[in-house]
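Below: the structure, in structure tokens.
The values are calculated or read from the model by the stated rules, or taken from the named source; none is laboratory data. Because the structure is predicted, anything quoted here is derived from the model rather than measured. We place every Cβ from the backbone using ideal geometry, glycine too, and count neighbours over all the protein chains shown.
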Amino acid sequence: MTQLIDTAAELSSPKPETLPGGRRKWRPRFEFNSWALLLLPVVIFLLVVFVLPLVMMFSKSFTDPTVGLGNYRAIWENSLYLKVLKNTFVVAISTTVLTVLIAFPYAYLMTLATPFWRAVMLIAVLVPFWTSLLVRSFALVLVLRDTGVLNVGLQSIGLIDEPLPLLRNMSGVLFGMVQITLPFAVLPLYATMRGIDRRLLQAAESLGARPSLAFFRVFVPLTLPGLFAGVILVFIQALGYYITPALLGGPQNTMIGELIVQQVSTVLRFGFAAALGAVLLVSTLVLLGIASRFVDMKKYLMGQP
């Protein structure tokens, strides 16, 4: 048996190539997988629509209108631009927190509901995907304005005496952004919660844990993969929103997406707009890097142990 194993190892090892002078050159084995060619169109597509625009953006931020760091210095030297950048992250974080606070109990109720009501709740979540973002934002203007459905309804039942200021402020921006980002948190949470074995909660209660303690010590930790996936999806999207803050917010709620559009379409400062985009991208990557120091991203997002 030992001789058979040695013979197999010898046959599978790379064969030396004899060079002039008696020297040997080992040629490593390399097997080309022809199925990998199927990935070539995908790689080319990603390079064209993702990598190339990023390279052009970074290049233009350093070369337009002159070569150097002038565009980046203009950002840090003007407190208005820093305020816009700060406001962008404040709005994105606030939107993420509010979205998760609403999405978690909603997804949990979906797991407890009967099949009929679960389908109704799922359709209610998916309806926003069937409507244009611009149409939804304009509809919210009609709902939230002083003479809108919400204020008129509250006044008619006597809860308020005068219209609530729900437009051109932070409240309107958060209201609009949360209703748009809610499906991106509900769906991964529901997918995770649906796969959790309920017998684990029963086992914890049989060992003496109260239902609330079993929920927070057993069920909630098992939902972390869906929770972190939803948080990242919502946060990344909220950073780049333009239409909703522009329609529902005011000048004091300007986000970096609005500023970039203004620089490109009105002022024609393409290099400065590219610098703003680069700062936003790098800031986002830095925040994700800091979060990865405290949270195992591979474990919760990719299912790796």
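Residues in the range 57-114 that are small (Gly, Ala, Ser) and assigned to a helix (DSSP H, G or I): Ser59, Ser61, Gly70, Ala74, Ser79, Ala92, Ser94, Ala103, Ala107. Can you find even one residue in the range 31-46 that is more than 25 Å from Ala238 (Cα to Cα), surrounded by 11 or more Cβ atoms within 10 Å (Cβ to Cβ) and under 23 Å from the mean Cα position of the chain (by Cα)? Yes, there is a match, as at least one residue in the range 31-46 is more than 25 Å from Ala238 (Cα to Cα), surrounded by 11 or more Cβ atoms within 10 Å (Cβ to Cβ) and under 23 Å from the mean Cα position of the chain (by Cα). You will find that of Val186, Val173, Val261, the residue that is among the hydrophobic types (A, V, I, L, M, F, W, C), under 27 Å from Val91 (Cβ atoms), surrounded by fewer than 16 Cβ atoms within 10 Å (Cβ to Cβ) and at pLDDT 85 or above is Val261 and no other.
Restricting Ala107, Ala103, Ala139 to those that are under 16 Å from Met177 (Cβ atoms), aliphatic (A, V, I, L, M) and crowded, with 17+ Cβ neighbours inside 10 Å reduces the list to Ala103. Residue count for the range 166-192 satisfying the condition of being in contact (Cβ under 8 Å) with a residue 40 or more places away in the chain, on the phi < 0 side of the Ramachandran plot and not in a helix (DSSP H, G or I): 2.
Which is over 25 Å from Gly195 (Cα atoms), β-branched (Val, Ile, Thr) and in contact (Cβ under 8 Å) with a residue 24 or more places away in the chain, of Val90, Val141, Val100, Val135?
Numbers: Val90 fails: in contact (Cβ under 8 Å) with a residue 24 or more places away in the chain; Val100 fails: over 25 Å from Gly195 (Cα atoms); Val135 fails: in contact (Cβ under 8 Å) with a residue 24 or more places away in the chain.
None of the other options fit; the residue is Val141.
The residues of the range 211-236 that are within 16 Å of the chain's Cα centre (by Cα) and surrounded by fewer than 17 Cβ atoms within 10 Å (Cβ to Cβ), listed by number, are Leu224, Ile236.
The residues on offer are Ala209, Ala204, and the sole one that is in a helix (DSSP H, G or I), over 27 Å from Val125 (Cα atoms) and hydrophobic (A, V, I, L, M, F, W, C) is Ala204. Checked against (1) over 20 Å from Ile75 (Cα atoms); (2) surrounded by fewer than 14 Cβ atoms within 10 Å (Cβ to Cβ); (3) at pLDDT below 85, Gln252 meets all criteria but (1).
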